[in-house]
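Q: Below is one structure. I have some questions about it.
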Amino acid sequence: PPKTARLGTSLYSTTIQLVIYQVGLIPSQFYEVLSEKNYGKLKNLVLFAVMLILINSTLKSLDQYISSLLYVSWRKSLTEELHSTYFNGHVYYTLNVLCKDIDNPDQRISQDVERLCKQMSTMASRLLISPFTVTYYTYQCFNSAGWIGFVSIFGYFVVGSIINKILIGPIVSMLVEQEKLEGDFRFKHMQIRVNAESAAFYRAGKVEHMRTDRRLQMLLSTQRSLMNKELWLYIGVNTFDYLGSILSYILIAIPIFAGDYDGLTPGELSALVSKNAFVCIYLINCFTQLIDLSTTVSDVAGYTHRIGELREVMAYIAKKQWSIDDERILKYLELVGLSNLLTRIGGLDTKVDWSWYDVLSPGEMQRLCFARLFYLQPKYAVLDEATSALTEEAEGQLYKACKQLGISLISLGHRSTLKKVMIYDLFTFTKTTWQTLLYVTRLKKNFVQS
């Protein structure tokens, strides 16, 4: 349950921070023991330090293990949710063949989901533990460096966050473009792999080489642009990391130069400086880790945008494919001359228990195919003997309707009347022989190379 999960997270976070705090205090205790030259305390301190390190290592390993489990669980849930929509009806077909609004759905479902879940799992532990860590070390920093200490550190974090937010903005859109081109490049190689025999038959190696290299150059150009923008982000992140260590010592120096620790011996002062330095440095490190996440956040934002866009398009397609327009069906049934069909079956929603092929004549089946074509209205359609069972007058009417609806046709048939309705006569066969087939092959080859 969520309440139990929050309680477990709080307990785990508190435990690991207490252990880390004790490990961080070990150097100051070593300073104190060594300055006293106390062998008994040294031996006990070494044993205590080894025990803390083992506990800390176990907890960190457990943290990595839990992150891996989260990655697998999130990827499973997100991929299965996308699959449920992707394979709903003909969404996968519409998305890959008819829809040009979205690129590489296969890459988004496989690669982008994998990378998103991987990045999110690495961020999860930091984001969950950070509130407890920041609260705990803010309290410790206030006790050791006063209000100036934690106010300075918080101000430093705010400035760093604003700078990194400004630098992240251009990276997200560039990352989206890079992933698109990455998918296009991979898809091109997949096309060559699937159609390798045809490409070799037509001797299209040079053409495919040129096209593949063109996609590669576009991808590399975008990657270089992305690297140029990321450079400034890396400079900001690394500068923030190293300046933080200097800030911690400045904060420690304030009470020292103010004379607050003048009564301490050198050994005691070294131990106190080590303790206070650890507290300030660790608090700064907590904020530094959050700033370092800016590079990860930019990747997450890019992948989230691509996956979210895919979900929206698939949801729209799934909703649209089941929204049937009865009026358009009736209109196109009348257009193809099958208005009486509704009377015979009893209406559009009537279920029939007989085979259409047994009841309808060949001509009626062809008319019904044209009604389906008119309803879907694709840009292009390939017709193979689509009007062989119809009269020439009906054939002419149906082809005229295709033209009016803006459907471009590639039609195969034996009738000479097709020449009247076709714009281009690509092939006219007088007989089917090997010589004729060879002629077609050469013609196709010349067409590909031109």
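The values are calculated or read from the model by the stated rules, or taken from the named source; none is laboratory data. Quick caveat, the model's predicted, so the values are computed rather than measured. Positions of Cβ are backbone-derived with ideal geometry, glycine not excepted, and every protein chain shown enters the neighbour counts. For the accessible areas, the whole protein counts, side chains as well, though only heavy atoms, and no ligand, DNA or RNA atoms are used. Shrake-Rupley method; radii C 1.70, N 1.55, O 1.52, S 1.80 Å.
Q: If the chain between residue 65 and residue 355 were fully stretched, how many nm would it gain, using 0.36 nm times the residue separation less the Cα-Cα distance?
A: 98.6 nm
Q: Between the DSSP loop rule and a limit of at most 12 other Cβ atoms within 10 Å, which chymotrypsin sites (Phe, Trp or Tyr not before Pro) in the stretch 275-324 are left?
A: 322
Q: Which far-off residues, 5 or more places away or on another chain, put their amide H under 5 Å from the one on residue 383, with H placed in the peptide plane?
A: 410, 411, 412
Q: Further question: If packing is taken as the average number of other Cβ atoms within 10 Å across a peptide's residues, how do 195-204, 111-120 rank, most packed first?
A: 111-120, 195-204
Q: So what's the stretch 158-211 giving for Rg/Rh, alpha carbon basis, Kirkwood Rh from the mean inverse pair distance?
A: 1.40
Q: Taking Rh as the Kirkwood radius, which is the inverse of the mean 1/r over Cα pairs, what is the Rg/Rh value for the stretch 178-255?
A: 1.46
Q: Also, quick follow-up: Within 10 Å, count the other beta carbons around each residue, average over each peptide in 174-182, 256-264, 152-160, 224-232, and list them highest first.
A: 174-182, 152-160, 224-232, 256-264
Q: Kirkwood hydrodynamic radius, the stretch 126-196, all distinct C-alpha pairs: what's the number in Å?
A: Taking every pair of different Cα atoms in the stretch 126-196, averaging 1/r and inverting gives 16.3 Å.
Q: Still on this model: What is the calculated FRET efficiency for residue 334 to residue 201, with r their C-beta to C-beta distance and R₀ = 51 Å, to the nearest 0.05?
A: 0.65
Q: Applying a 10 Å radius around every beta-carbon, put 43-52, 137-146, 330-339 in order of their mean neighbour count, most first.
A: 137-146, 330-339, 43-52
Q: Rounded to the nearest 500, what is the 222 nm mean residue ellipticity of the chain from helices alone, with -39500 (n - 2.57) per DSSP H run of 4+ residues and division by all residues?
A: -27500 deg cm²/dmol
Q: Just the number please: accessible area per residue for the chain, 1.4 Å probe, all protein chains included, in Å².
A: 63 Å²
Q: Something else: Could you state the number of Å between the C-alpha centres of the stretch 39-76 and the stretch 233-293?
A: The stretch 233-293 and the stretch 39-76 have Cα centres spaced 24 Å from each other.
Q: Turning to a different aspect of this structure: What percent of all Cα-Cα pairs in the chain falls into each 20 Å bin, going from 0 up to the bin containing the maximum distance?
A: It works out to 16, 34, 25, 16, 8, 1, in whole percents.
Q: Give me the percent of the accessible area of the chain that comes from carbon and sulfur atoms, probe 1.4 Å, all protein chains in place.
A: 62 percent
Q: What are the residues whose amide H is under 5 Å from the amide H of residue 417, where those residues sit 5 or more places off or on another chain and H is modelled from the backbone?
A: none
Q: Under the 0.36 nm per residue contour assumption, what length would be gained going from the current alpha-carbon distance of residue 319 and residue 227 to full extension?
A: Gain in length upon complete extension: 29.1 nm.
Q: Still on this structure, please answer the following. Taking every pair of distinct Cα atoms and averaging 1/r, then inverting, what Kirkwood hydrodynamic radius in Å comes out for the stretch 364-405?
A: With all distinct Cα pairs of the stretch 364-405 included, I get 10.5 Å.
Q: Bin all alpha-carbon pair distances of the stretch 287-355 at 10 Å intervals from 0 and give each bin's fraction as a whole percent.
A: Spelled out per bin, shortest first, that is 15, 23, 18, 14, 11, 9, 8, 2.
Q: Grab the beta carbon distance between residue 166 and residue 36, set R0 = 45 Å, and tell me the FRET efficiency rounded to 0.05.
A: So the FRET efficiency works out to roughly 0.30.
Q: Give the relative contact order (percent, whole number) for the chain; include only Cα pairs under 8 Å separated by 6+ residues.
A: After rounding, I find 20 percent.
Q: The stretch 191-330: Rg/Rh from Cα coordinates, Kirkwood Rh?
A: 1.36
Q: Further, regarding this structure: Once you have the Cα-Cα distance between residue 311 and residue 139, take 0.36 nm times their residue separation minus that, and quote the gain in nm to one decimal.
A: 57.5 nm
Q: Continuing with the same structure: With the cut-off at 27 Å, report for the stretch 42-179 the share of all Cα pairs above it, as a whole percent.
A: 53 percent
Q: For the chain, return all DSSP H helices satisfying: extent of Cα atoms along own axis at least 30 Å; mean Kyte-Doolittle hydropathy at least -1.0.
A: Going by DSSP H runs, the hits are 2-36, 39-86, 113-194, 205-257, 266-321.
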